[in-house]
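In what follows, a structure is listed as C-alpha coordinates, so that the remarks can point back to it.
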Amino acid sequence: MAPQSPAQAAEGGVFAPPAHQQTPPPAPPHPRSQPDPQPQAPEAHHPHAQPQPDPQGAHHPHPPHHPHPQVHGAHHPAQTQGALQQPSSWLQYDPWSTRGPAPLTHSGEPAKKRSRRGSLLVGALVVALLAGGIGGGIGAYIERNGGITQVELQQAPRDNADRAPDSVAGIASSALPSVVTLHVSGGGEQGTGTGFVLDEQGHILTNNHVVDPAGAAGEISVTFSGGETAKATLVGKDSGYDLAVVKVAGVSGLKPLPLGNSDSVQVGDPVVAIGAPFDLQNTVTSGIISAKERPITAGGEKGDGSDVSYVDALQTDAPINPGNSGGPLVDTKARVIGINSAIRAADTAGAEGGQAGSIGLGFAIPINQGKRVAEELINTGKATHPVIGVSLDMKYTGDGARVGEKGKDGSGSVSAGGPAAKAGVKAGDVITKVDGQRVHSGEELIVKIRSHRPGDRLELTVVRAGKERTMTLTLGSADGA
(Lines give C-alpha, C1' and ligand atoms only; values in the text may rest on other atoms or scores of the structure.)
Protein backbone atom coordinates (compact mmCIF):
# COMPACT_ATOMS: atom_id res chain seq x y z
CA MET A 1 0.00 0.00 0.00
CA ALA A 2 1.26 3.50 -0.78
CA PRO A 3 2.39 5.76 2.11
CA GLN A 4 -0.21 8.11 3.58
CA SER A 5 -0.22 11.73 2.48
CA PRO A 6 -0.07 14.45 5.17
CA ALA A 7 -3.75 15.11 4.63
CA GLN A 8 -4.60 11.44 5.21
CA ALA A 9 -2.31 11.24 8.22
CA ALA A 10 -3.98 14.23 9.86
CA GLU A 11 -7.44 12.67 9.89
CA GLY A 12 -8.83 11.34 13.13
CA GLY A 13 -7.16 13.82 15.58
CA VAL A 14 -3.47 13.27 15.06
CA PHE A 15 -2.31 16.12 17.27
CA ALA A 16 -1.81 15.35 20.93
CA PRO A 17 -3.10 17.88 23.51
CA PRO A 18 -0.40 20.29 24.76
CA ALA A 19 1.53 19.32 27.85
CA HIS A 20 0.99 21.47 31.00
CA GLN A 21 3.76 24.13 31.45
CA GLN A 22 5.02 25.95 34.57
CA THR A 23 5.60 29.71 34.25
CA PRO A 24 9.28 30.54 34.98
CA PRO A 25 10.17 33.61 37.12
CA PRO A 26 10.56 36.87 35.19
CA ALA A 27 14.07 37.95 34.19
CA PRO A 28 15.51 41.20 35.75
CA PRO A 29 15.13 44.32 33.61
CA HIS A 30 18.09 45.57 31.61
CA PRO A 31 19.47 48.99 32.71
CA ARG A 32 19.62 50.31 29.07
CA SER A 33 16.18 49.22 27.91
CA GLN A 34 14.57 51.34 25.17
CA PRO A 35 10.98 51.37 24.01
CA ASP A 36 10.23 49.37 20.87
CA PRO A 37 10.24 51.79 17.90
CA GLN A 38 7.59 49.68 16.08
CA PRO A 39 4.41 49.38 18.14
CA GLN A 40 2.73 46.04 17.85
CA ALA A 41 -0.93 45.38 17.37
CA PRO A 42 -2.76 44.39 20.48
CA GLU A 43 -2.86 40.64 20.78
CA ALA A 44 -4.88 38.29 22.84
CA HIS A 45 -2.93 36.63 25.60
CA HIS A 46 -2.88 32.95 26.39
CA PRO A 47 -4.19 32.32 29.91
CA HIS A 48 -0.80 30.95 30.94
CA ALA A 49 1.43 33.39 29.05
CA GLN A 50 3.09 36.40 30.71
CA PRO A 51 5.13 39.10 28.94
CA GLN A 52 8.86 39.12 29.57
CA PRO A 53 11.04 42.24 29.49
CA ASP A 54 12.89 42.69 26.19
CA PRO A 55 16.63 43.21 26.40
CA GLN A 56 16.06 46.56 24.60
CA GLY A 57 13.28 47.61 26.94
CA ALA A 58 10.28 46.58 24.81
CA HIS A 59 7.85 43.90 25.90
CA HIS A 60 6.65 41.26 23.41
CA PRO A 61 4.14 38.52 23.85
CA HIS A 62 5.49 35.00 24.27
CA PRO A 63 5.61 33.25 20.81
CA PRO A 64 3.49 30.13 20.83
CA HIS A 65 5.16 26.72 21.05
CA HIS A 66 3.41 24.00 19.05
CA PRO A 67 2.62 20.50 20.22
CA HIS A 68 4.38 17.52 18.68
CA PRO A 69 2.25 16.01 15.84
CA GLN A 70 1.40 12.32 16.21
CA VAL A 71 0.82 10.46 12.93
CA HIS A 72 -0.94 7.09 13.01
CA GLY A 73 0.42 4.30 10.83
CA ALA A 74 -1.31 1.07 9.86
CA HIS A 75 -1.15 -0.40 13.37
CA HIS A 76 0.98 1.75 15.73
CA PRO A 77 1.30 5.54 16.02
CA ALA A 78 4.61 7.19 15.06
CA GLN A 79 5.67 10.50 16.71
CA THR A 80 7.53 13.32 14.97
CA GLN A 81 9.15 16.22 16.85
CA GLY A 82 8.34 19.84 15.94
CA ALA A 83 10.87 21.55 13.72
CA LEU A 84 11.27 24.75 15.84
CA GLN A 85 12.78 24.67 19.36
CA GLN A 86 11.74 27.62 21.53
CA PRO A 87 13.68 29.19 24.45
CA SER A 88 12.66 27.99 27.88
CA SER A 89 11.27 31.46 28.73
CA TRP A 90 8.51 31.07 26.07
CA LEU A 91 5.30 29.23 26.82
CA GLN A 92 3.40 26.66 24.75
CA TYR A 93 -0.13 26.83 23.45
CA ASP A 94 -2.27 24.89 21.05
CA PRO A 95 -3.41 27.07 18.12
CA TRP A 96 -6.00 24.41 17.12
CA SER A 97 -7.50 24.00 20.59
CA THR A 98 -11.18 25.04 20.99
CA ARG A 99 -10.54 25.71 24.68
CA GLY A 100 -7.69 28.17 24.15
CA PRO A 101 -7.64 31.97 23.87
CA ALA A 102 -9.23 34.08 21.15
CA PRO A 103 -7.60 34.22 17.69
CA LEU A 104 -4.53 36.36 17.24
CA THR A 105 -6.51 38.76 15.07
CA HIS A 106 -9.89 39.81 16.50
CA SER A 107 -12.95 39.57 14.29
CA GLY A 108 -13.93 42.95 12.80
CA GLU A 109 -10.48 44.55 13.24
CA PRO A 110 -8.14 45.22 10.34
CA ALA A 111 -5.33 42.70 10.04
CA LYS A 112 -2.00 43.93 11.32
CA LYS A 113 1.42 43.13 9.90
CA ARG A 114 2.85 39.99 11.45
CA SER A 115 6.12 40.03 13.20
CA ARG A 116 9.00 38.13 11.59
CA ARG A 117 8.89 35.67 14.45
CA GLY A 118 5.24 34.96 13.76
CA SER A 119 6.00 34.18 10.11
CA LEU A 120 8.77 31.83 11.14
CA LEU A 121 6.38 30.15 13.54
CA VAL A 122 3.81 29.51 10.79
CA GLY A 123 6.50 28.16 8.47
CA ALA A 124 7.76 25.88 11.20
CA LEU A 125 4.24 24.58 11.75
CA VAL A 126 3.84 23.73 8.03
CA VAL A 127 7.21 21.98 7.96
CA ALA A 128 6.26 20.02 11.08
CA LEU A 129 2.96 18.92 9.54
CA LEU A 130 4.61 17.83 6.30
CA ALA A 131 7.41 16.03 8.12
CA GLY A 132 4.92 14.30 10.37
CA GLY A 133 2.76 13.16 7.44
CA ILE A 134 5.68 11.93 5.33
CA GLY A 135 7.36 10.25 8.27
CA GLY A 136 4.17 8.54 9.32
CA GLY A 137 3.51 7.33 5.76
CA ILE A 138 7.03 5.92 5.43
CA GLY A 139 6.71 4.25 8.82
CA ALA A 140 3.40 2.66 7.84
CA TYR A 141 4.84 1.44 4.52
CA ILE A 142 7.89 -0.10 6.21
CA GLU A 143 5.71 -1.78 8.83
CA ARG A 144 3.31 -3.23 6.27
CA ASN A 145 5.89 -4.33 3.70
CA GLY A 146 8.66 -5.44 6.01
CA GLY A 147 11.25 -2.89 4.94
CA ILE A 148 12.33 -0.89 1.94
CA THR A 149 14.75 -3.44 0.45
CA GLN A 150 13.84 -5.84 -2.41
CA VAL A 151 12.08 -9.09 -1.44
CA GLU A 152 13.99 -12.30 -2.15
CA LEU A 153 12.20 -15.64 -1.69
CA GLN A 154 13.85 -18.84 -0.57
CA GLN A 155 14.36 -21.49 -3.26
CA ALA A 156 15.96 -24.91 -3.40
CA PRO A 157 19.22 -25.12 -5.33
CA ARG A 158 19.19 -26.62 -8.82
CA ASP A 159 19.28 -30.41 -8.73
CA ASN A 160 21.13 -31.96 -11.66
CA ALA A 161 21.21 -35.45 -10.21
CA ASP A 162 20.20 -38.30 -12.50
CA ARG A 163 16.82 -39.90 -11.88
CA ALA A 164 16.41 -43.56 -11.07
CA PRO A 165 16.57 -45.62 -14.30
CA ASP A 166 13.15 -47.19 -13.66
CA SER A 167 11.43 -43.86 -12.91
CA VAL A 168 9.39 -42.16 -15.63
CA ALA A 169 12.07 -39.49 -15.93
CA GLY A 170 14.82 -42.12 -16.15
CA ILE A 171 12.92 -44.14 -18.75
CA ALA A 172 12.21 -41.03 -20.82
CA SER A 173 15.84 -39.93 -20.67
CA SER A 174 16.95 -43.32 -21.99
CA ALA A 175 14.31 -43.76 -24.71
CA LEU A 176 13.81 -40.25 -26.13
CA PRO A 177 16.99 -40.18 -28.27
CA SER A 178 15.64 -43.20 -30.19
CA VAL A 179 12.17 -41.75 -30.89
CA VAL A 180 11.42 -39.67 -34.00
CA THR A 181 8.56 -37.58 -35.34
CA LEU A 182 7.38 -38.16 -38.92
CA HIS A 183 5.80 -35.50 -41.14
CA VAL A 184 4.18 -37.00 -44.24
CA SER A 185 2.65 -35.27 -47.25
CA GLY A 186 1.44 -36.32 -50.69
CA GLY A 187 -1.65 -36.47 -52.88
CA GLY A 188 -3.16 -33.44 -51.17
CA GLU A 189 -2.91 -35.10 -47.76
CA GLN A 190 -0.53 -34.67 -44.86
CA GLY A 191 -0.12 -36.11 -41.41
CA THR A 192 2.07 -36.41 -38.34
CA GLY A 193 3.09 -39.54 -36.51
CA THR A 194 5.83 -41.15 -34.47
CA GLY A 195 8.40 -43.89 -34.99
CA PHE A 196 11.49 -45.33 -33.31
CA VAL A 197 14.93 -46.43 -34.47
CA LEU A 198 15.36 -50.15 -35.04
CA ASP A 199 19.05 -50.34 -36.00
CA GLU A 200 22.13 -48.29 -36.82
CA GLN A 201 21.43 -48.66 -40.56
CA GLY A 202 18.61 -46.13 -40.23
CA HIS A 203 15.49 -48.35 -40.22
CA ILE A 204 12.54 -46.84 -38.35
CA LEU A 205 9.33 -48.65 -37.41
CA THR A 206 5.96 -46.85 -37.46
CA ASN A 207 2.30 -47.42 -38.39
CA ASN A 208 1.07 -47.95 -41.93
CA HIS A 209 -1.62 -45.31 -41.48
CA VAL A 210 1.10 -42.76 -40.61
CA VAL A 211 2.97 -43.12 -43.92
CA ASP A 212 -0.05 -43.94 -46.09
CA PRO A 213 -0.73 -40.28 -47.09
CA ALA A 214 2.65 -40.18 -48.86
CA GLY A 215 1.43 -42.68 -51.45
CA ALA A 216 3.97 -43.57 -54.11
CA ALA A 217 5.41 -40.09 -54.75
CA GLY A 218 4.93 -38.21 -51.47
CA GLU A 219 7.53 -37.02 -48.98
CA ILE A 220 8.43 -38.36 -45.55
CA SER A 221 10.50 -36.18 -43.21
CA VAL A 222 11.97 -37.47 -39.95
CA THR A 223 12.78 -35.21 -36.99
CA PHE A 224 14.96 -36.61 -34.22
CA SER A 225 14.54 -35.72 -30.55
CA GLY A 226 17.47 -33.28 -30.72
CA GLY A 227 15.85 -31.34 -33.57
CA GLU A 228 17.85 -32.74 -36.51
CA THR A 229 15.82 -33.59 -39.62
CA ALA A 230 16.35 -36.00 -42.51
CA LYS A 231 14.44 -37.30 -45.51
CA ALA A 232 13.18 -40.86 -45.32
CA THR A 233 12.18 -43.44 -47.91
CA LEU A 234 9.58 -46.16 -47.59
CA VAL A 235 10.99 -49.69 -47.19
CA GLY A 236 7.72 -51.58 -46.88
CA LYS A 237 4.26 -51.49 -45.28
CA ASP A 238 1.36 -53.80 -44.44
CA SER A 239 -2.19 -52.60 -43.88
CA GLY A 240 -3.32 -55.86 -42.25
CA TYR A 241 -0.87 -55.35 -39.38
CA ASP A 242 -0.88 -51.55 -39.67
CA LEU A 243 2.92 -51.48 -39.68
CA ALA A 244 5.52 -49.83 -41.91
CA VAL A 245 9.29 -49.37 -42.06
CA VAL A 246 11.05 -46.28 -43.41
CA LYS A 247 14.77 -45.59 -43.69
CA VAL A 248 16.98 -42.51 -43.33
CA ALA A 249 20.38 -42.30 -45.02
CA GLY A 250 23.51 -40.33 -44.17
CA VAL A 251 22.67 -40.08 -40.47
CA SER A 252 25.28 -41.18 -37.95
CA GLY A 253 25.09 -41.80 -34.23
CA LEU A 254 21.70 -43.51 -34.35
CA LYS A 255 20.64 -45.16 -31.10
CA PRO A 256 18.39 -48.22 -31.61
CA LEU A 257 15.66 -48.69 -29.02
CA PRO A 258 15.90 -52.10 -27.31
CA LEU A 259 13.02 -54.51 -27.93
CA GLY A 260 11.32 -56.29 -25.06
CA ASN A 261 9.09 -59.36 -25.07
CA SER A 262 5.35 -58.72 -25.12
CA ASP A 263 4.62 -62.29 -24.04
CA SER A 264 6.15 -61.44 -20.64
CA VAL A 265 3.88 -58.45 -20.02
CA GLN A 266 1.43 -58.70 -17.14
CA VAL A 267 -1.72 -56.69 -16.49
CA GLY A 268 -0.84 -53.85 -14.13
CA ASP A 269 2.75 -53.46 -15.32
CA PRO A 270 3.80 -49.78 -15.50
CA VAL A 271 4.47 -48.43 -18.99
CA VAL A 272 5.52 -45.19 -20.66
CA ALA A 273 4.25 -43.94 -24.04
CA ILE A 274 6.38 -41.55 -26.11
CA GLY A 275 5.27 -39.66 -29.19
CA ALA A 276 4.13 -36.42 -30.78
CA PRO A 277 0.42 -36.00 -29.98
CA PHE A 278 -1.01 -33.18 -32.08
CA ASP A 279 2.57 -32.58 -33.31
CA LEU A 280 3.88 -31.92 -29.77
CA GLN A 281 7.22 -33.65 -30.16
CA ASN A 282 8.91 -35.63 -27.36
CA THR A 283 5.74 -35.95 -25.28
CA VAL A 284 5.96 -38.53 -22.48
CA THR A 285 2.95 -40.06 -20.71
CA SER A 286 2.73 -42.94 -18.26
CA GLY A 287 0.23 -45.54 -17.14
CA ILE A 288 -0.17 -49.29 -16.81
CA ILE A 289 -1.09 -52.29 -18.93
CA SER A 290 -4.87 -52.37 -18.51
CA ALA A 291 -5.49 -55.62 -20.39
CA LYS A 292 -3.92 -58.07 -22.83
CA GLU A 293 -5.12 -59.77 -26.04
CA ARG A 294 -7.76 -57.18 -26.84
CA PRO A 295 -9.10 -58.05 -30.32
CA ILE A 296 -9.43 -54.73 -32.14
CA THR A 297 -9.88 -53.71 -35.76
CA ALA A 298 -8.95 -50.35 -37.20
CA GLY A 299 -9.06 -48.64 -40.57
CA GLY A 300 -11.67 -49.55 -43.15
CA GLU A 301 -11.88 -46.10 -44.72
CA LYS A 302 -11.57 -47.55 -48.25
CA GLY A 303 -14.74 -49.57 -47.81
CA ASP A 304 -13.48 -52.79 -49.42
CA GLY A 305 -11.77 -54.10 -46.30
CA SER A 306 -8.30 -53.93 -47.84
CA ASP A 307 -7.12 -51.40 -45.27
CA VAL A 308 -8.58 -53.04 -42.20
CA SER A 309 -6.02 -54.04 -39.57
CA TYR A 310 -6.54 -56.78 -37.03
CA VAL A 311 -4.60 -56.54 -33.79
CA ASP A 312 -4.46 -58.72 -30.71
CA ALA A 313 -3.58 -55.59 -28.76
CA LEU A 314 -2.15 -54.53 -25.44
CA GLN A 315 -4.51 -52.08 -23.74
CA THR A 316 -3.08 -49.17 -21.71
CA ASP A 317 -4.39 -46.16 -19.85
CA ALA A 318 -1.28 -44.12 -20.69
CA PRO A 319 -2.68 -41.11 -22.60
CA ILE A 320 -2.37 -41.67 -26.37
CA ASN A 321 -3.65 -39.11 -28.88
CA PRO A 322 -3.48 -38.48 -32.64
CA GLY A 323 0.21 -38.14 -33.45
CA ASN A 324 1.24 -40.84 -30.97
CA SER A 325 0.64 -43.48 -33.66
CA GLY A 326 3.74 -45.53 -34.38
CA GLY A 327 5.47 -44.50 -31.17
CA PRO A 328 6.87 -46.94 -28.62
CA LEU A 329 5.16 -48.22 -25.50
CA VAL A 330 8.07 -49.12 -23.21
CA ASP A 331 8.49 -50.96 -19.94
CA THR A 332 10.41 -49.88 -16.84
CA LYS A 333 13.69 -50.88 -18.51
CA ALA A 334 12.99 -48.62 -21.49
CA ARG A 335 12.41 -51.64 -23.78
CA VAL A 336 9.68 -51.55 -26.42
CA ILE A 337 6.79 -53.89 -25.66
CA GLY A 338 4.25 -52.35 -28.05
CA ILE A 339 3.64 -49.94 -30.94
CA ASN A 340 0.93 -47.39 -30.10
CA SER A 341 -1.66 -47.61 -32.84
CA ALA A 342 -5.26 -46.91 -31.84
CA ILE A 343 -7.49 -45.28 -29.23
CA ARG A 344 -11.10 -45.62 -28.23
CA ALA A 345 -12.56 -42.11 -28.18
CA ALA A 346 -15.74 -40.87 -26.52
CA ASP A 347 -18.83 -41.18 -28.72
CA THR A 348 -19.25 -37.39 -28.82
CA ALA A 349 -15.61 -36.68 -29.69
CA GLY A 350 -15.03 -35.09 -33.06
CA ALA A 351 -18.73 -34.15 -33.47
CA GLU A 352 -17.71 -30.69 -34.72
CA GLY A 353 -15.01 -31.91 -37.05
CA GLY A 354 -12.17 -31.98 -34.49
CA GLN A 355 -9.93 -34.93 -33.74
CA ALA A 356 -10.82 -37.24 -30.89
CA GLY A 357 -8.66 -37.32 -27.78
CA SER A 358 -7.67 -39.86 -25.18
CA ILE A 359 -10.13 -41.18 -22.63
CA GLY A 360 -7.67 -43.69 -21.19
CA LEU A 361 -8.31 -46.48 -23.69
CA GLY A 362 -5.21 -46.88 -25.84
CA PHE A 363 -4.10 -49.92 -27.82
CA ALA A 364 -0.67 -51.05 -28.91
CA ILE A 365 0.50 -53.77 -31.31
CA PRO A 366 2.55 -56.30 -29.30
CA ILE A 367 6.23 -55.96 -30.14
CA ASN A 368 6.59 -59.70 -30.77
CA GLN A 369 4.26 -59.29 -33.73
CA GLY A 370 5.86 -56.00 -34.69
CA LYS A 371 9.35 -57.51 -34.70
CA ARG A 372 8.35 -60.34 -37.07
CA VAL A 373 6.60 -58.00 -39.48
CA ALA A 374 9.44 -55.44 -39.39
CA GLU A 375 12.00 -58.14 -40.20
CA GLU A 376 9.94 -59.31 -43.17
CA LEU A 377 9.43 -55.77 -44.46
CA ILE A 378 13.17 -55.01 -44.22
CA ASN A 379 14.25 -58.32 -45.77
CA THR A 380 11.59 -58.79 -48.48
CA GLY A 381 9.59 -55.55 -48.65
CA LYS A 382 6.37 -57.31 -47.63
CA ALA A 383 4.89 -59.28 -44.74
CA THR A 384 3.20 -62.68 -44.69
CA HIS A 385 -0.08 -63.47 -42.94
CA PRO A 386 -0.94 -66.79 -41.27
CA VAL A 387 -4.14 -68.32 -42.65
CA ILE A 388 -6.38 -71.36 -42.05
CA GLY A 389 -7.92 -71.39 -45.53
CA VAL A 390 -11.61 -70.55 -44.93
CA SER A 391 -14.02 -67.75 -45.87
CA LEU A 392 -16.03 -66.47 -42.87
CA ASP A 393 -19.62 -65.27 -42.75
CA MET A 394 -18.98 -61.77 -41.32
CA LYS A 395 -22.75 -61.15 -41.01
CA TYR A 396 -23.27 -64.01 -38.57
CA THR A 397 -24.77 -62.65 -35.32
CA GLY A 398 -24.42 -65.74 -33.17
CA ASP A 399 -21.62 -66.49 -30.74
CA GLY A 400 -18.47 -67.59 -32.51
CA ALA A 401 -17.07 -67.37 -36.06
CA ARG A 402 -19.16 -69.17 -38.69
CA VAL A 403 -17.59 -70.63 -41.82
CA GLY A 404 -19.51 -69.32 -44.84
CA GLU A 405 -21.35 -71.43 -47.40
CA LYS A 406 -19.40 -69.92 -50.30
CA GLY A 407 -16.32 -67.84 -50.92
CA LYS A 408 -16.26 -64.29 -52.34
CA ASP A 409 -15.80 -65.51 -55.88
CA GLY A 410 -18.54 -68.12 -55.56
CA SER A 411 -16.11 -70.94 -54.95
CA GLY A 412 -16.15 -73.13 -51.87
CA SER A 413 -15.68 -71.47 -48.48
CA VAL A 414 -13.05 -74.03 -47.44
CA SER A 415 -9.91 -73.89 -49.60
CA ALA A 416 -9.10 -77.25 -51.06
CA GLY A 417 -5.89 -78.64 -49.65
CA GLY A 418 -5.64 -75.80 -47.14
CA PRO A 419 -4.99 -76.12 -43.39
CA ALA A 420 -8.70 -76.13 -42.46
CA ALA A 421 -9.63 -78.68 -45.12
CA LYS A 422 -6.86 -80.96 -43.94
CA ALA A 423 -8.11 -80.66 -40.36
CA GLY A 424 -11.70 -81.55 -41.38
CA VAL A 425 -13.41 -78.13 -41.16
CA LYS A 426 -16.60 -77.84 -43.29
CA ALA A 427 -18.88 -75.04 -44.49
CA GLY A 428 -21.35 -74.00 -41.80
CA ASP A 429 -19.11 -74.98 -38.89
CA VAL A 430 -18.94 -72.47 -36.00
CA ILE A 431 -15.49 -72.00 -34.49
CA THR A 432 -15.87 -71.09 -30.81
CA LYS A 433 -12.35 -71.45 -29.40
CA VAL A 434 -8.71 -71.10 -30.47
CA ASP A 435 -6.23 -72.90 -28.21
CA GLY A 436 -8.92 -72.96 -25.54
CA GLN A 437 -9.68 -69.22 -25.70
CA ARG A 438 -13.21 -68.13 -26.61
CA VAL A 439 -13.88 -66.22 -29.82
CA HIS A 440 -17.19 -64.41 -30.25
CA SER A 441 -17.04 -63.16 -33.85
CA GLY A 442 -15.28 -63.49 -37.16
CA GLU A 443 -13.10 -60.45 -36.38
CA GLU A 444 -11.89 -62.07 -33.16
CA LEU A 445 -10.96 -65.26 -34.99
CA ILE A 446 -8.87 -63.32 -37.51
CA VAL A 447 -7.15 -61.41 -34.69
CA LYS A 448 -6.28 -64.66 -32.89
CA ILE A 449 -4.86 -66.20 -36.05
CA ARG A 450 -2.88 -63.04 -36.96
CA SER A 451 -1.20 -63.10 -33.55
CA HIS A 452 0.64 -66.26 -34.64
CA ARG A 453 3.26 -67.02 -37.27
CA PRO A 454 2.80 -69.16 -40.37
CA GLY A 455 3.68 -72.76 -39.45
CA ASP A 456 2.33 -72.52 -35.89
CA ARG A 457 -0.03 -75.31 -34.77
CA LEU A 458 -3.45 -74.34 -33.45
CA GLU A 459 -6.26 -76.26 -31.79
CA LEU A 460 -9.76 -75.25 -32.91
CA THR A 461 -13.00 -76.01 -31.09
CA VAL A 462 -15.82 -76.37 -33.63
CA VAL A 463 -19.60 -76.74 -33.19
CA ARG A 464 -21.36 -78.71 -35.95
CA ALA A 465 -25.02 -79.68 -35.79
CA GLY A 466 -25.06 -78.79 -32.09
CA LYS A 467 -22.11 -81.01 -31.26
CA GLU A 468 -18.67 -79.74 -30.20
CA ARG A 469 -15.47 -81.25 -31.55
CA THR A 470 -11.75 -80.38 -31.49
CA MET A 471 -9.44 -80.13 -34.52
CA THR A 472 -5.71 -79.41 -34.85
CA LEU A 473 -4.16 -77.65 -37.85
CA THR A 474 -0.94 -75.99 -38.99
CA LEU A 475 -1.22 -72.38 -40.14
CA GLY A 476 -0.49 -71.62 -43.77
CA SER A 477 0.95 -68.40 -45.22
CA ALA A 478 -0.31 -65.67 -47.51
CA ASP A 479 1.27 -62.47 -48.69
CA GLY A 480 -0.10 -59.36 -47.09
CA ALA A 481 -1.23 -56.21 -48.86
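The residues I289, I359, sorted by heavy-atom accessible surface at 1.4 Å with ligands and nucleic acids left out, run I359, I289 from largest to smallest.
Normalised by residue count, the stretch 424-481 yields a Cα convex hull volume of 97 Å³ per residue. Among 260-270, 381-391, 173-183, 211-221, sorting by the average number of other beta carbon atoms lying within 10 angstrom of each residue, highest first, gives 173-183, 381-391, 211-221, 260-270.
If packing is taken as the average count of other Cβ atoms within 10 Å, what order do 396-409, 313-326, 429-442, 461-474 fall into, highest mean first? The partial results should precede the final answer.
Working: 396-409: 15.2, 313-326: 24.6, 429-442: 17.2, 461-474: 13.3.
Per-residue Cβ counts within 10 Å, averaged per peptide and sorted highest first, yield 313-326, 429-442, 396-409, 461-474.
With the cut-off at 31 Å, tell me which of the pairs K408/K448; K302/K467; K395/K422; K302/K382; K371/K426 have Cα atoms farther apart than that.
Numbers: K408/K448 22 Å; K302/K467 39 Å; K395/K422 26 Å; K302/K382 20 Å; K371/K426 34 Å.
From K408/K448; K302/K467; K395/K422; K302/K382; K371/K426, over 31 Å: K302/K467; K371/K426.
For the stretch 356-373, putting each phi into the Karplus relation 6.51 cos²θ - 1.76 cosθ + 1.60 with θ = phi - 60° gives couplings of 6, x, 6, 10, x, 10, x, 9, 10, 6, x, 5, 4, 6, x, 4, 4, 5 Hz, in residue order, rounded to whole numbers and with x for Gly and Pro. When the trypsin sites (Lys or Arg not before Pro) in the stretch 235-304 are filtered for DSSP coil states and for at most 11 other beta-carbon atoms within 10 Å of their beta-carbon, the remaining sites are K302.
Need one word for the stretch 265-374: rounded, prolate or oblate. Basis is the Cα gyration tensor (sqrt eigenvalues a ≥ b ≥ c); a/c below 1.5 gives rounded, then a/b vs b/c decides. Could the numbers behind the result be given before it?
Numbers: a/c = 1.63, a/b = 1.20, b/c = 1.35.
Oblate is the answer for the stretch 265-374, as a/c is 1.5 or above yet b/c matches or exceeds a/b.
Note down the Stokes-Einstein diffusion coefficient of the stretch 342-441 in µm²/s, whole number, using a Kirkwood radius over alpha carbon pairs, 10 °C, and 1.306 mPa s.
Details: Rh = 17.1 Å.
Taking Rh from Cα pairs, D becomes 93 µm²/s.
Inter-label distance, A465 to E200: 6.5 nm, where each label sits 7 Å from its Cα along the C-beta direction.
The values are calculated or read from the model by the stated rules, or taken from the named source; none is laboratory data. Not measured: the values here are computed from a predicted model. Cβ: placed from backbone, ideal geometry, glycine included. Neighbour counts: every protein chain shown. These area figures cover heavy atoms from the full protein model, side chains too; ligands, DNA and RNA do not enter into them. Shrake-Rupley method; radii C 1.70, N 1.55, O 1.52, S 1.80 Å.
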